[in-house]
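Peer 1: I am attaching a structure below and will ask some questions about it afterwards.
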Amino acid sequence: MSLNFKKRFIALSLLALVLVCSPSAFAQDKNWREISPAELQAKTPRVEPDADAEAIFWEVRIDDSADSELAMKHYVRVKIFTERGREKYSKFDIPFMRGIKIKDIAARIVKSDGTAVEIGKQDIFEREIIKANKVKIKAKSFAVPNIEPGVIVEYRYREVIEDAGARGMSLTFQRDIPVQTLSYYYKPYSKREPNYQSYNFTDTKFIKDEKGFYLAQRTNVPSFKEEPRMPPSDTVRPWMLLQGASLNLIDASAFSISYTIKDPSSPTRYWGAVSAENAALVKFMNKSDKEIKKAAADITASASTPEEKLLKLYEFCQTQIRNTSFDASLTDEERAKLPKIKSLDEVLKNKSGSAQFVDMLFGAMANSLGFETKIAFTGNRNKMFFDPNMTNDAFIHPAAIAVKVGEDWKFYKPGMKFLTAGMLVWYEEDVWAMLVGEKNYNWVRTPLSGTDKTVAKRTGRFKLLEDGTLEGTVEVEYVGQVGLDYKMNNFDESVTQREENLKNEIKARMSTAEVSEIQIENIVEPQKPLSYRFKVRVPNYAQKTGKRLFLQPGFFEYGEGAMFSTATRKYDVYFNYPWAETDDVEIELPKGFSLDNADAPGSLTDPQKISSLNIKIGVDKAANVITYQRKFHFGGGGNLLFPSASYQALKGLFDAFHKADTHTITLKQN
């Protein structure tokens, strides 16, 4: 795949994401299509009885027949049924990126008596809606006047993407609103029958239509409703991927030309071509260099085992090389102007490089010591559950350096500034990885870190006042994935913003909490666990009734809702990674109060040992202190995905956990 095509694919994917997440305007004809009396007079939805609004039709025409551009016409007609529908569709954004032009926008509202009001061109304005990570997304925006239940709102526009093709484009076949008729018309560049892959549905095919177009259509499509802890949407929502064979030049000289043909109809040939395209990157990494070899030998001089040597290299690359990808002092513009790196010797010499070059320097050093090294391209299970039969290299990315130790492949990613050695980022664990070497490739499954690798250790020392106020000191330590998440979300924030983020997190559970003296440590230290401490005062933490106080000793679960609230579920249940929690809480009771009822929830577990919760409550009568110790884990045996059929059992288990976590004890005044 060429670099330009990759950029076009990213642009199309980002645009599709925003279109799914916000109401948008749709289709381009010279005249509005006729609205039937039945559509005007409809009082209730056809697809979903409780829908606030319903699309009568949603149509996209994709014309890929031109050499220089991709043109799409969008048209949607929506019927509004409720006040919530009126609020949702009173404002609209048509998002676009650089290289995309939005033309011929038209919108109107049609009342039940047939009268229509069109949106004027002067009412359409352009604004920036997203700017992050070198990506800028703008939108053509407008408000819809006089919208109310019972009206029809319809939109049309034309979208033109320069120097682009439809290959690699994803077509969503389920929207956030119910649709009576959802249609994609596609005119391929090749003038042949479309080549595509369908995901999560099999009942829709492209069939030949008029004027060179092919039609894929679904009717009575329910809205897509997200559920807590569900798999990635691309794993459950119906969609198609447009594809086709491509020829890519990888090397040329006066005497020879090397190229690859990526044929998506054959996974073996397709991934072989992808591997050949990326082999040059592996050769660049493994190129022999005296300085790198000497440095690797010096760094590992005190190590005796292969694992110790690799850990020494990992720590050196992660701590001694300035990682410009994670340097918060650099702006995106400054980062883009950094000198281009031509060899890994430059990274070692200057002790500076982006995350990708930090990874490759590690690979080069390991290779110089005699280890077999490859670049691991993995899927991302935060986006979809990839397998090698999905022949599209946009589904994988260079994730880590694979090093062969004995008969096993180990994975290292020092370029991820805060990642513990021996782990990958959670969405790169337990996924298929294509290990690309200089001459071959192979598929392996990356390992999944266990519950002992991701732990939240929480300590609280409190004093309970007679009026129910709780005050004291909290200390929290995060390791593994939970620590990495926290660091990634906060490393480039100011100290003030980090403290504000922590306060907001606490007040989300306890709205009356007063938080002070915050200290956050190791947020930019790769080899140390993230930790923070603070003082807290929570009025009315314990409820006072007469001469009794009702106290929840589980401070860290206070205010948390049940994991699953609905009685039924459509999609499977999915957790990102295994984790564990240990809580140690001491609460000094107010003078004159003693325990009236101090029963403890005890232990809970499941037959498969996937999870367990153990809570112990004790009392030091001499000091008048309640002690509370809690140990919890989930994801034992690597179990993270549960079929919807097991929802009731899983919900019952977490309801039992929640009941135990929110257990209260009674104190009485002597």
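Peer 1: Could we say that residue 96 is surrounded by fewer than 13 Cβ atoms within 10 Å (Cβ to Cβ) and in contact with a strand residue (DSSP E or B) (Cβ under 7 Å, 6 or more places away or on another chain) here?
Peer 2: For residue 96, the condition - surrounded by fewer than 13 Cβ atoms within 10 Å (Cβ to Cβ) and in contact with a strand residue (DSSP E or B) (Cβ under 7 Å, 6 or more places away or on another chain) - is not met.
Peer 1: When you scan region 431-486, how many residues do you find that are surrounded by fewer than 18 Cβ atoms within 10 Å (Cβ to Cβ), more than 17 Å from residue 506 (Cα to Cα) and among the polar types (S, T, N, Q)?
Peer 2: 2
Peer 1: Quick one: which of 581, 560 is in a loop (DSSP other than H, G, I, E, B), assigned by TED's automatic domain parsing to the domain that holds residue 484 and under 26 Å from residue 484 (Cβ atoms)?
Peer 2: Criteria check complete, one pass: 560.
Peer 1: Here's something else I'd like to know. Quick one: which of 555, 564, 575 is among the hydrophobic types (A, V, I, L, M, F, W, C) and over 30 Å from residue 236 (Cα atoms)?
Peer 2: Answer to the selection: 555.
Peer 1: Where the second residue is of a type in the set (Asp, Glu) and not in a strand (DSSP E or B) and the first is touching a residue at least 40 places away in the same chain (Cβ under 8 Å) and lies in region 195-218, which pairs have Cβ atoms under 8 Å and are six or more apart or on separate chains?
Peer 2: Here the result reads 199/234; 218/203, each pair linking region 195-218 to a residue that is of a type in the set (Asp, Glu) and not in a strand (DSSP E or B).
Peer 1: Another question about this same structure. Residues to consider are 229, 127; find the one that is surrounded by fewer than 19 Cβ atoms within 10 Å (Cβ to Cβ) and modelled with pLDDT of 95 or more.
Peer 2: Only one candidate qualifies: 229.
Peer 1: Going through region 327-349 one residue at a time, which ones are over 27 Å from the mean Cα position of the chain (by Cα) and either in contact (Cβ under 8 Å) with a residue 12 or more places away in the chain or under 28 Å from residue 435 (Cβ atoms) (or both)?
Peer 2: Scanning region 327-349 gives 338, 340, 341, 342, 343, 344, 345, 346, 347, 348, 349.
Peer 1: Out of all the residues in region 481-538, which are assigned to a loop (DSSP other than H, G, I, E, B) and within 30 Å of residue 466 (Cβ to Cβ)? Steps first, please.
Peer 2: Here is the first cut: in region 481-538, the ones assigned to a loop (DSSP other than H, G, I, E, B) are 491-494, 508-513, 522-529.
Within region 481-538, 508, 509, 510, 511, 512, 513 qualify.
Peer 1: Filter region 133-176 for residues that are assigned to a loop (DSSP other than H, G, I, E, B) and within 30 Å of residue 44 (Cα to Cα) and give the result. Working first, answer last.
Peer 2: Here is the first cut: in region 133-176, the ones assigned to a loop (DSSP other than H, G, I, E, B) are 133-134, 144-151, 163-169, 173-176.
If the condition is that a residue be assigned to a loop (DSSP other than H, G, I, E, B) and within 30 Å of residue 44 (Cα to Cα), then 144, 145, 146, 147, 148, 149, 150, 151, 173, 174, 175, 176 are the ones that fit.
Peer 1: Using beta carbons and a limit of 8 Å, which pairs, at least six apart or on different chains, have the first residue in region 60-86 and at pLDDT 95 or above and the second one in a helix (DSSP H, G or I) and not aromatic (Phe, Trp, Tyr)?
Peer 2: 77/39; 79/39; 80/86
Peer 1: Looking at residue 368 and the list (1) of a type in the set (Ser, Thr, Tyr); (2) surrounded by fewer than 15 Cβ atoms within 10 Å (Cβ to Cβ); (3) over 26 Å from the mean Cα position of the chain (by Cα), which single condition is not satisfied?
Peer 2: Of the numbered conditions (1) of a type in the set (Ser, Thr, Tyr); (2) surrounded by fewer than 15 Cβ atoms within 10 Å (Cβ to Cβ); (3) over 26 Å from the mean Cα position of the chain (by Cα), the odd one out for residue 368 is (2).
The values are calculated or read from the model by the stated rules, or taken from the named source; none is laboratory data. Note that this is a predicted model, so its numbers are computed, not measured. FYI the Cβ positions are ideal-geometry reconstructions off the backbone, even for glycines, and counts take in every protein chain you see.
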